[in-house]
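The values are calculated or read from the model by the stated rules, or taken from the named source; none is laboratory data. Fair warning: this is a prediction, and the values are worked out from it, not measured in the lab. Here the Cβ positions follow ideal geometry from the backbone for every residue, glycine too, while neighbour counts run over all protein chains shown.
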Amino acid sequence: MHVDAIQRIAVVGTGAMGSGIALNFALYGYPVDFVGRSAASIERGFDAMRKALQVMQEHDLVTPADAHAALDRIAPTTDRAAAVGRAQFVMEAVVEDLALKQAVFREVDAVAPPETILASTTSSLSPTAIARDMARPERFVVAHYAQPAQLMVLVEVVPGQRTAPATVETTCALLRRVGRMPVVCQDIPGFLFSRLQSAILRECVALVRRGAASPEDIDTVLKYGYAHRLPAMGPFEHADLGGLDLIHAVAAYVWPDLDCSKDPSEGPIGELIQQGKLGMKTGQGFLDWTTRTPDEFRRQRDEEIIRRLKILRGGKVVLPQEPEGSNRS
């Protein structure tokens, strides 16, 4: 399928990721069927989209007219089969459970038109495993957005063992049309984004466990130190700039002391879970969340991402002009 043939999107799943992805496509002019299990879950998704659009309007990323038009393009539905049956691109965004995703794609594969591309936004599960029971696995691919999906530019595109090259090519072309930067990754646990994030988190947790620093101090060092320069210089650019002889000397001293734990239940994460401290949703995790609501934190997070996005794009708004050659109405 050529990217111009994609005229309608179906997003299956109405949580934080599904609502952000639906909003991304709708802001770029695509009609979207927003598929949920119930009217209540769909309304929660729309509430998240309205809040996201409010922040984007306040920071001049979209106009009120853009926001209104985007919401008008998103059709709520609990009829998964009907939504999938009229889409040319389906994005699954249900919870990270392999058996559930396999079940969703068995159903979706059976009712989708033969040329429709079927994608999952899983952050770590194998596309080969997800597509195991599909009759047409060649049209399946992972397209992993990072949160918040309506703002984050990167999308990891991960083919399974039986994914057709054309599926990958069209998916990447579609993602570029909605302002994303696709990177094709291998089918390995966690792909690239989650593997790097997990490696950093494992060391952060180990530092807390050994009493080397508090969670607050570690967050500060990452946000205002290491991560602050990442938009300007990646790890390999930093290594080459500093000189690999110097990098080798530092690594020889530090790497042997880095954490190599295999089981996250052995340590602070497991201990906090046993205590019922699950993070924001319980008011306590590594940090105390009793004085900040999730909505307040998400707004603060989104505003900072928007600030950096504007710098990255030279102060330009997120929405580009309609791509040349597009026949989408």
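Rundown of residues vs (1) of a type in the set (A, V, I, L, M, F, W, C); (2) in contact (Cβ under 8 Å) with a residue 12 or more places away in the chain; (3) over 30 Å from residue 127 (Cβ atoms), yes/no style:
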position: 182; (1), (2), (3): no, yes, no
position: 198; (1), (2), (3): no, no, no
position: 228; (1), (2), (3): no, no, yes
position: 232; (1), (2), (3): yes, no, yes
position: 235; (1), (2), (3): no, no, no
position: 245; (1), (2), (3): no, no, yes
position: 254; (1), (2), (3): yes, no, yes
position: 262; (1), (2), (3): no, no, no
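Whether a residue is at pLDDT 95 or above, among the aliphatic types (A, V, I, L, M) and either within 27 Å of residue 151 (Cβ to Cβ) or loosely packed, with under 15 Cβ neighbours inside 10 Å (or both) was assessed, and residue 112 does not pass this test.
Take the conditions (1) within 19 Å of the chain's Cα centre (by Cα); (2) within 30 Å of residue 259 (Cβ to Cβ); residue 150 misses just one of them, which is (2). Determine if the stretch 114-121 includes at least one residue that is in the same structural domain as residue 29 (by TED's automatic domain parsing) and over 20 Å from residue 4 (Cβ atoms). The answer is yes; a qualifying residue exists. The residue of the stretch 1-47 that is surrounded by the fewest Cβ atoms within 10 Å (Cβ to Cβ), among those that are farther than 18 Å from residue 173 by Cα and among the polar types (S, T, N, Q), is 38.
Here's a check for you: in the stretch 84-109, which residue that is among the small types (Gly, Ala, Ser) and farther than 19 Å from residue 164 by Cβ is surrounded by the most Cβ atoms within 10 Å (Cβ to Cβ)? Only one residue fits best here, namely 93.
Among the residues of the stretch 210-222, those that are without any contact (Cβ under 8 Å) to a residue 60 or more places away in the chain and either of a type in the set (Phe, Trp, Tyr) or farther than 27 Å from residue 96 by Cα (or both) comprise 210, 211, 212, 213, 214, 217, 218, 220, 221.
Table: residues versus (1) closer than 27 Å to residue 195 by Cβ; (2) buried (at least 22 other Cβ atoms within 10 Å of the Cβ).
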{"position": "50", "(1), (2)": "no, no"}
{"position": "82", "(1), (2)": "no, no"}
{"position": "117", "(1), (2)": "yes, yes"}
{"position": "132", "(1), (2)": "yes, no"}
{"position": "139", "(1), (2)": "yes, yes"}
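Taking (1) assigned to a helix (DSSP H, G or I); (2) under 24 Å from the mean Cα position of the chain (by Cα); (3) surrounded by 12 or more Cβ atoms within 10 Å (Cβ to Cβ); (4) at pLDDT 90 or above in turn, residue 286 satisfies each apart from (1).
Determine if the stretch 198-206 includes at least one residue that is of a type outside the set (Gly, Ala, Ser) and touching an Asp or Glu at 6+ places or on another chain (Cβ under 6 Å). Among the residues of the stretch 198-206, at least one is of a type outside the set (Gly, Ala, Ser) and touching an Asp or Glu at 6+ places or on another chain (Cβ under 6 Å), which makes the answer yes.
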